[in-house]
Amino acid sequence: MINEIPRVRFAPSPTGYLHVGGLRTALYNYLFAKRNNGKFILRIEDTDRNRYVEGAVENLIKALKWSGLQFDEGPEVGGNFGPYFQSERLDIYKKYADELIAKGKAYYCFCTPERLKALREEQEKQKLPQAKYDKHCLYLSKDEIDKNLSNGIAKVVRLNVEPNQVIKFDDIIRGHIEFESNNIDDQVLIKSDGYPTYHLANVVDDHLMKITHVIRGEEWLSSTPKHVLLYDAFGWERPNFAHLPLLLNPDRSKLSKRQGDVAVEDYRDKGYLKEALINFVALLGWNDGDDKEFYYMDELIKRFSLDRVNKAGAVFDLQKLNWLNSEHLRKKSIEELLNLLKDEIQKSPIGMISQNFKDQKYPDDYLIKIIQVMKERVSFVKEFIDTCTYFYEAPTEYEHKSVEKNWNSETPKHLNKLKEKFSSLNNPTKEDFELALTTVSEELNLGKGKLIHPLRLAVSGQSTGPGMFDILFILGKDEVINRIDTAIKILAQ
Ligand code: GLU
């Protein structure tokens, strides 16, 4: 536990969906806050008007809530440090930019895009390692500046980066880090449209919102020296920094859309459990120093620490996510699974079928029986339907290979015999069905397998699945008899 009460933030720029990397950042911030009795804040960094996407913030909040990451302050919930949308804080950024100008730490720049382009081309020609603004406007006289301002000439505000400095800071994950100020451009702080850039808005807000720990992805590490310069220019205390490792594809390239899904919403829609996704994402860069891989959120809160976050990139291994999904699924209670299955039935074509043998209604006790026999065989809730549709609808097609192997001219006679025997049973249990089949196999002097395979085919249309007597018991005597009749009609032709 750390001593001060931490305040951390997740500060996404809404793009329309929540990236799994964003979920990891949000989760680590959340875990850190909960572990240390701190506050988790959501701040929307929406100052890039060119990237505005309708509904993006709503989507993001929905995805965060689905994942169980409840924020203490932010949009919808409010708090004492709002507004939590940067687009509603423009006056604040302007005030602080003016303060920097007054201190000589920032300056107006009136250079035209043409001049900046020519400058860049010239520097490229000279093969300079990186194009940088030449501070031309830093040396304008007060009169020139005032004239330009009163004439309404387009302008930006730039940070005045002093050359030949070493910018130093400590990162909780990466240790001591140094950057040379000669490699840092005079960053734009306020754009010509009056909006702040990420750097200014981020630092001003982290300061005003009393953020103690900035926990974000490694891709922001190169921005940190610029932020450090800003904190120093304002004379503000710097927060602690922790830069999380990159997420990688299995080929160790940067995790990208091209190699699979990156949106949390895609995983949700594919039927991944939020518990599994959270468990998986927690392990992308963190472990507890042992081999444990299965975690619930409350355990993660107890165990998480930034000291155990790795520097090395974390590989996004879909197979592991699938495995965790089946583990979490298996640990759910029958009641939870029943609710999940009912939701899934609503979404599935099975839920829309007007007529089926259960008259479109699957009673809870019927679904529970399916769950009990299928639980160990599925990894996703939807597989309680997709891998055993025969529990919901009578088969109309029969697995070709199994028909060839297990169905011959004698089969209808054998199945009719079974049918007769089953008809005489009263509310048969699984064991009753089994006993009846054993009796028939003895009467026909036939190995049990010779009856079981065609019977399984007749009732399920498939050659694999859970125990056949379980299937018979779940379907019930009448349905089993109907299905035997149908199969004989179709397959005897
Ligand atoms: N708005 C930045 C983003 O989209 C925030 C980075 C940070 O946490 O400082 O991720």
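When Val161 is evaluated against the numbered criteria (1) in a helix (DSSP H, G or I); (2) of a type in the set (A, V, I, L, M); (3) within 30 Å of Phe10 (Cβ to Cβ), which criterion, by number, is the only one it fails?
Exception for Val161: condition (1).
I'm told Arg120 meets every condition in (1) over 30 Å from His213 (Cβ atoms); (2) modelled with pLDDT of 95 or more except one. Can you identify the failing condition by its number?
So the condition that Arg120 fails would be (2).
Residues in segment 163-173 that are surrounded by fewer than 13 Cβ atoms within 10 Å (Cβ to Cβ) and touching a strand residue (DSSP E or B) at 6+ places or on another chain (Cβ under 7 Å): how many?
Total meeting the criteria: 3.
From the residues in segment 206-223 that are part of a helix (DSSP H, G or I) and surrounded by fewer than 20 Cβ atoms within 10 Å (Cβ to Cβ), which one is nearest to the ligand (Cβ to nearest atom)?
Looking at residues that are part of a helix (DSSP H, G or I) and surrounded by fewer than 20 Cβ atoms within 10 Å (Cβ to Cβ), I get Trp220.
Suppose we keep only residues that are hydroxyl-bearing (Ser, Thr, Tyr) and closer than 15 Å to Cys388 by Cα within segment 438-474. Which one would you say is surrounded by the fewest Cβ atoms within 10 Å (Cβ to Cβ)? Break it down stepwise before answering.
In the first step, residues of segment 438-474 are kept if they are hydroxyl-bearing (Ser, Thr, Tyr); the result is 438-439, 441, 460, 463-464.
If we keep only those that are closer than 15 Å to Cys388 by Cα too, we end up with 460, 463-464.
Values: Ser460: 26, Ser463: 15, Thr464: 10.
Checking each candidate, the answer is Thr464.
Which of the residues belonging to segment 31-56 are of a type in the set (A, V, I, L, M) and surrounded by fewer than 18 Cβ atoms within 10 Å (Cβ to Cβ)?
Selection gives Val53 alone.
So which residues in segment 127-162 are modelled with pLDDT of 95 or more, under 21 Å from Val228 (Cβ atoms) and loosely packed, with under 14 Cβ neighbours inside 10 Å, if there are any at all?
Listed by number, the list holds a single entry, Glu162.
As an exercise: evaluate Gly79 against (1) surrounded by fewer than 22 Cβ atoms within 10 Å (Cβ to Cβ); (2) more than 23 Å from Tyr93 (Cα to Cα); (3) not charged (D, E, K, R) and give the number of the one condition it does not meet.
If we test Gly79 against (1) surrounded by fewer than 22 Cβ atoms within 10 Å (Cβ to Cβ); (2) more than 23 Å from Tyr93 (Cα to Cα); (3) not charged (D, E, K, R), just (2) comes out false.
Suppose we keep only residues that are in a helix (DSSP H, G or I) and touching a helix residue (DSSP H, G or I) at 6+ places or on another chain (Cβ under 6 Å) within segment 27-51. Which one would you say is nearest to the ligand (Cβ to nearest atom)?
It comes out as Leu27.
Restricting the search to segment 7-26, which residues are within 9 Å of the ligand (Cβ to nearest atom), outside any helix (DSSP H, G or I) and β-branched (Val, Ile, Thr)?
Result: Thr15, single match.
Test of understanding: among Leu273, Leu321, Leu283, which residue is at pLDDT 95 or above, crowded, with 17+ Cβ neighbours inside 10 Å and in contact with a Phe, Trp or Tyr (Cβ under 6 Å, 6 or more places away or on another chain)?
Exactly one of Leu273, Leu321, Leu283 is at pLDDT 95 or above, crowded, with 17+ Cβ neighbours inside 10 Å and in contact with a Phe, Trp or Tyr (Cβ under 6 Å, 6 or more places away or on another chain), namely Leu321.
Given the structure, is Tyr28 surrounded by fewer than 21 Cβ atoms within 10 Å (Cβ to Cβ) and either at positive phi or aromatic (Phe, Trp, Tyr) (or both)?
Spelling it out, it is not the case that Tyr28 is surrounded by fewer than 21 Cβ atoms within 10 Å (Cβ to Cβ) and either at positive phi or aromatic (Phe, Trp, Tyr) (or both).
Are there any helices (runs of 4 or more DSSP H) wholly within segment 350-460 with 3 or more residues that are under 13 Å from Leu472 (Cβ atoms), and if so which?
411-423, 430-444, 448-460
Taking interchain pairs and intrachain pairs at least six residues apart, which have beta carbon atoms under 9 angstrom, with the first residue in segment 38-55 and closer than 25 Å to Asn80 by Cα and the second modelled with pLDDT under 80 and away from the ligand (no atom under 11 Å from the Cβ)?
Gly38/Ile2; Gly38/Glu4; Asp46/Tyr52
So which of Lys413, Lys477 is crowded, with 18+ Cβ neighbours inside 10 Å, among the charged types (D, E, K, R) and at pLDDT 95 or above?
Just a single option satisfies the conditions, and that option is Lys477.
When you scan segment 109-119, do you find a residue that is in a helix (DSSP H, G or I), of a type in the set (Gly, Ala, Ser) and either at positive phi or within 16 Å of the ligand (Cβ to nearest atom) (or both), even just one?
Looking through segment 109-119, none of the residues is in a helix (DSSP H, G or I), of a type in the set (Gly, Ala, Ser) and either at positive phi or within 16 Å of the ligand (Cβ to nearest atom) (or both).
Collect the residues in segment 424-474 that are β-branched (Val, Ile, Thr) and modelled with pLDDT of 95 or more, keeping them in residue-number order.
Listed by number, the residues that qualify are Thr429, Thr438, Thr439, Val440, Ile452, Val459, Ile471, Ile474.
Kindly list the number of the only condition in (1) aliphatic (A, V, I, L, M); (2) buried (at least 19 other Cβ atoms within 10 Å of the Cβ); (3) modelled with pLDDT of 95 or more that fails for Val228.
The number of the failed condition is (2).
The values are calculated or read from the model by the stated rules, or taken from the named source; none is laboratory data. This is a predicted model, so every value here is computed, not measured. No Cβ is skipped: glycine too gets one built from the backbone with ideal geometry, and neighbour counts run over all protein chains shown.
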